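Q: The structure that follows is given in the form of structure tokens.
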Amino acid sequence: MGVDARTDRSESGGQRGVETMDGSSTRSVSESIALESRDFDVYYGEDQALRSIDMKIPEGEVTALIGPSGCGKSTFLRSINRMNDLIDVARIDGELYFNGKNVYDDDVDPIALRRRIGMVFQTPNPFPKSIRDNVAFGLRVQDKDEDVDEQVERALKRAALWDEVQDQLDSSGLDLSGGQQQRLCIARAIAPDPEVLLMDEPASALDPIATSKIEDLIEELAEEYTVVIVTHNMQQAARISDKTAVFLTGGELVEFDDTDKIFENPEHDRVEDYISGKFG
Ligand SMILES: Nc1ncnc2c1ncn2[C@@H]1O[C@H](COP(=O)(O)OP(=O)(O)O)[C@@H](O)[C@H]1O
Ligand SMILES: [Mg+2]
């Protein structure tokens, strides 16, 4: 698929920042960009859901997308691994780079792309199959199914579910609790060893204890993956993310910055109003 190829037009995949030669650096801000959108629009038929989104999502961090319902958070997330391709009326304009390659170029295979950019949805959606087969699914469809049991175990451990299910790998994924089902879906998403994990309100259908387990897990996952998470829960964004993007009604990205900055001292009054609960 050639997603690693650099292009002239994008900084994605490159290193930013400078270090002085003698190592006495005071301005070392080297940071790789995993994903970058440029002047990116999405339309559903005549309706524009996203307007000219410019965003650089750093590698190996948690980026939260927040904003009121209908502002385009899920649309943006789905654009990243071309899940919007599956919606007939959806159409995009602009560019979206993953490691420097525009994922909308003609030579990009969306199926291959989705192996490298996994996704977890709001409602846990295990297949009506055994726990083992759920996790192995992603491996089997890619012919990577040597040592399946080892890979299943590793994914379940990374998803913080192994201890709870190691004695029942042949029972149905649907027999697990909601929180366990969501961790199973996370295990399924990470089994093929993607680089990016997209999560659309992954805890919003769960109780507080299951939610806090998912939050802990996301922080751990960020040690290995770039995580982009949609949440309508601002406390959650503040707790788990490094960067926060605030979308507002009309499909605009109004502010994107370090999470601390967004929550403590945002640039825009509209963001301040949203964060402080004046609307949304
Ligand atoms: N499959 C779809 N077909 C048509 N319009 C859609 C579809 N999905 C979302 N939209 C519209 O796009 C806008 C953004 O929706 P969405 O991305 O789901 O927002 P959010 O996730 O922030 O709640 C909304 O106006 C919504 O009605
Ligand atoms: Mg949504």
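Q: Do you know which residues across the stretch 129-150 are at pLDDT 90 or above and in contact with an Asp or Glu (Cβ under 8 Å, 6 or more places away or on another chain)?
A: If the condition is that a residue be at pLDDT 90 or above and in contact with an Asp or Glu (Cβ under 8 Å, 6 or more places away or on another chain), then Ser130, Ile131, Arg132, Ala136 are the ones that fit.
Q: Do we have Asp54 as more than 15 Å from ligand 1 (Cβ to nearest atom), modelled with pLDDT of 95 or more and over 17 Å from the mean Cα position of the chain (by Cα) here? I'd like the intermediate steps shown before the answer.
A: On the way: more than 15 Å from ligand 1 (Cβ to nearest atom): yes; modelled with pLDDT of 95 or more: yes; over 17 Å from the mean Cα position of the chain (by Cα): no.
Judged against the criteria, Asp54 is not a match.
Q: Residues in the stretch 190-224 that are surrounded by 24 or more Cβ atoms within 10 Å (Cβ to Cβ) and touching a Leu at 6+ places or on another chain (Cβ under 6 Å): how many?
A: The number of residues fulfilling the criteria is 2.
Q: When both residues are 6+ apart or on different chains and their Cβ atoms are under 7 Å apart, which pairs have a first residue that lies in the stretch 83-110 and is hydroxyl-bearing (Ser, Thr, Tyr), and a second that is in a loop (DSSP other than H, G, I, E, B) and away from ligand 2 (no atom under 16 Å from the Cβ)?
A: Tyr97/Ser10; Tyr97/Ser12
Q: Looking only at the stretch 14-23, decide whether some residue is away from ligand 1 (no atom under 12 Å from the Cβ), modelled with pLDDT under 95 and under 28 Å from Ile111 (Cβ atoms).
A: Yes; the residues of the stretch 14-23 include at least one that is away from ligand 1 (no atom under 12 Å from the Cβ), modelled with pLDDT under 95 and under 28 Å from Ile111 (Cβ atoms).
Q: Can you tell me which residues in the stretch 236-280 are charged (D, E, K, R), in contact (Cβ under 8 Å) with a residue 24 or more places away in the chain and outside any helix (DSSP H, G or I)?
A: Residues of the stretch 236-280 charged (D, E, K, R): 239, 242-243, 252, 255, 257-258, 260-261, 264, 267, 269-270, 272-273, 278.
Adding the requirement that they be in contact (Cβ under 8 Å) with a residue 24 or more places away in the chain leaves 239, 242-243, 252.
Result: Asp242, Lys243, Glu252.
Q: Being of a type in the set (Lys, Arg) and near ligand 1 (Cβ under 8 Å from one of its atoms) is the filter here, so list the residues in the stretch 57-94 that pass it.
A: Kept after step one, since they are of a type in the set (Lys, Arg), are these residues of the stretch 57-94: 73, 78, 82, 91.
Once the filter is applied, which keeps residues that are of a type in the set (Lys, Arg) and near ligand 1 (Cβ under 8 Å from one of its atoms), the stretch 57-94 yields Lys73, Arg78.
Q: With respect to Ser69, is the statement that it is at pLDDT below 95, closer than 22 Å to Ile275 by Cβ and small (Gly, Ala, Ser) true? Give the steps one after another, and end with the answer.
A: On the way: at pLDDT below 95: yes; closer than 22 Å to Ile275 by Cβ: yes; small (Gly, Ala, Ser): yes.
Spelling it out, Ser69 is indeed at pLDDT below 95, closer than 22 Å to Ile275 by Cβ and small (Gly, Ala, Ser).
Q: Tell me which residues, restricted to the stretch 159-213, are outside any strand (DSSP E or B), within 16 Å of ligand 2 (Cβ to nearest atom) and charged (D, E, K, R).
A: Selection gives Glu201 alone.
The values are calculated or read from the model by the stated rules, or taken from the named source; none is laboratory data. Treat the numbers as computed from the prediction; the structure is a model and nothing was measured. Cβ: placed from backbone, ideal geometry, glycine included. Neighbour counts: every protein chain shown.
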